[in-house]
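Q: First the structure, which I've put down as structure tokens, then a few questions once you've had a look.
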Amino acid sequence: MEKRLIYRSQPFGFDNSMLAGILLQARRNNPRDDISGALICRHDIYLQLIEGPADKIDALFARIEQDDRHTNVRLLLEEEAHERMFASWAMLDDEAPSIFWSVSDVDAGKIETASEDELLAPFVRLAEVHASDT
Ligand SMILES: Cc1cc2nc3c(=O)[nH]c(=O)nc-3n(C[C@H](O)[C@H](O)[C@H](O)COP(=O)(O)O)c2cc1C
């Protein structure tokens, strides 16, 4: 079974080299594990979608939860995935423009109360924007 999950977290000391390091690991490991996804980031938030074989996704999420480059990791959505949204990307990255929530929205906890469709929306848009890249 394939599954998809979305979580959010708070970067701990966000900077470009940290982000580059994370993306390097993701792009090395994810093809090995048949995982794809997208990471939306801003100084105040990581919002990541990962999709792939359920056991591999569970293992990755367990590693991510332990990672000290971010805090307050919160699982927001977990569902069976019948079709990949980011099939062509080991980890697509997007800095902020796709986030629908302002810094104060995030502070106010709006992401935690978002509906499933609202959570998926920025990723749907991101996948559309990059559909012609491959
Ligand atoms: C925001 C964030 C996103 C991450 N995404 C991935 C990912 O998609 N794939 C991955 O293998 N590791 C990802 N990591 C890194 C993992 O937490 C972990 O450090 C890494 O998988 C260990 O890889 P290694 O066994 O090659 O050292 C992410 C870390 C953070 C903080």
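The values are calculated or read from the model by the stated rules, or taken from the named source; none is laboratory data. Being a predicted model, the structure only gives us computed values, none of them experimental. Virtual Cβ from ideal backbone geometry, glycine too; neighbours counted across all protein chains shown.
Q: Test TYR7 against the criterion of being without any contact (Cβ under 8 Å) to a residue 40 or more places away in the chain, in contact with a strand residue (DSSP E or B) (Cβ under 8 Å, 6 or more places away or on another chain), near the ligand (Cβ under 10 Å from one of its atoms) and not in a helix (DSSP H, G or I), and give yes or no. Outline the logic, then answer.
A: Details: without any contact (Cβ under 8 Å) to a residue 40 or more places away in the chain: no; in contact with a strand residue (DSSP E or B) (Cβ under 8 Å, 6 or more places away or on another chain): yes; near the ligand (Cβ under 10 Å from one of its atoms): yes; not in a helix (DSSP H, G or I): yes.
In short, no.
Q: Okay, next question. Name the one entry in HIS43, HIS70 that is under 22 Å from ASP15 (Cα atoms) and near the ligand (Cβ under 10 Å from one of its atoms). Outline the logic, then answer.
A: Values: HIS43 fails: near the ligand (Cβ under 10 Å from one of its atoms).
After ruling out the rest, the residue left standing is HIS70.
Q: Just for the range 14-34: of the residues that are modelled with pLDDT of 95 or more and in contact with a Pro (Cβ under 8 Å, 6 or more places away or on another chain), which one is nearest to the ligand (Cβ to nearest atom)?
A: Among those residues, the one meeting the criterion is ASP33.
Q: Within the range 33-53, is there a residue that is free of Cβ contacts under 8 Å to residues at least 40 places away in the same chain and among the basic types (Lys, Arg)?
A: Residues of the range 33-53 free of Cβ contacts under 8 Å to residues at least 40 places away in the same chain: 33-34, 43, 46.
Then drop every residue that is not among the basic types (Lys, Arg), which leaves none.
The answer is no; no qualifying residue exists.
Q: Now, a different point. Could you tell me which numbered condition ALA127 fails, if it satisfies all but one of (1) among the small types (Gly, Ala, Ser); (2) outside any helix (DSSP H, G or I); (3) under 15 Å from the mean Cα position of the chain (by Cα)?
A: Result: ALA127 fails condition (2) only.
Q: A further question follows. Here are TRP89, TRP101: which of them is within 14 Å of the ligand (Cβ to nearest atom), of a type outside the set (A, V, I, L, M), surrounded by 13 or more Cβ atoms within 10 Å (Cβ to Cβ) and assigned to a loop (DSSP other than H, G, I, E, B)?
A: Numbers: TRP101 fails: within 14 Å of the ligand (Cβ to nearest atom).
Testing whether each residue is within 14 Å of the ligand (Cβ to nearest atom), of a type outside the set (A, V, I, L, M), surrounded by 13 or more Cβ atoms within 10 Å (Cβ to Cβ) and assigned to a loop (DSSP other than H, G, I, E, B) leaves just TRP89.
Q: Okay, moving on. So which residues in the range 104-126 are more than 16 Å from the ligand (Cβ to nearest atom) and either in contact with a strand residue (DSSP E or B) (Cβ under 8 Å, 6 or more places away or on another chain) or hydroxyl-bearing (Ser, Thr, Tyr) (or both), if there are any at all? Reasoning before the result, please.
A: Initially, the range 104-126 is screened for residues more than 16 Å from the ligand (Cβ to nearest atom), giving 104-105, 107-110, 112-121, 124-125.
Listed by number, the residues that qualify are SER104, GLU112, THR113, ALA114, SER115, GLU116, LEU119, LEU120.
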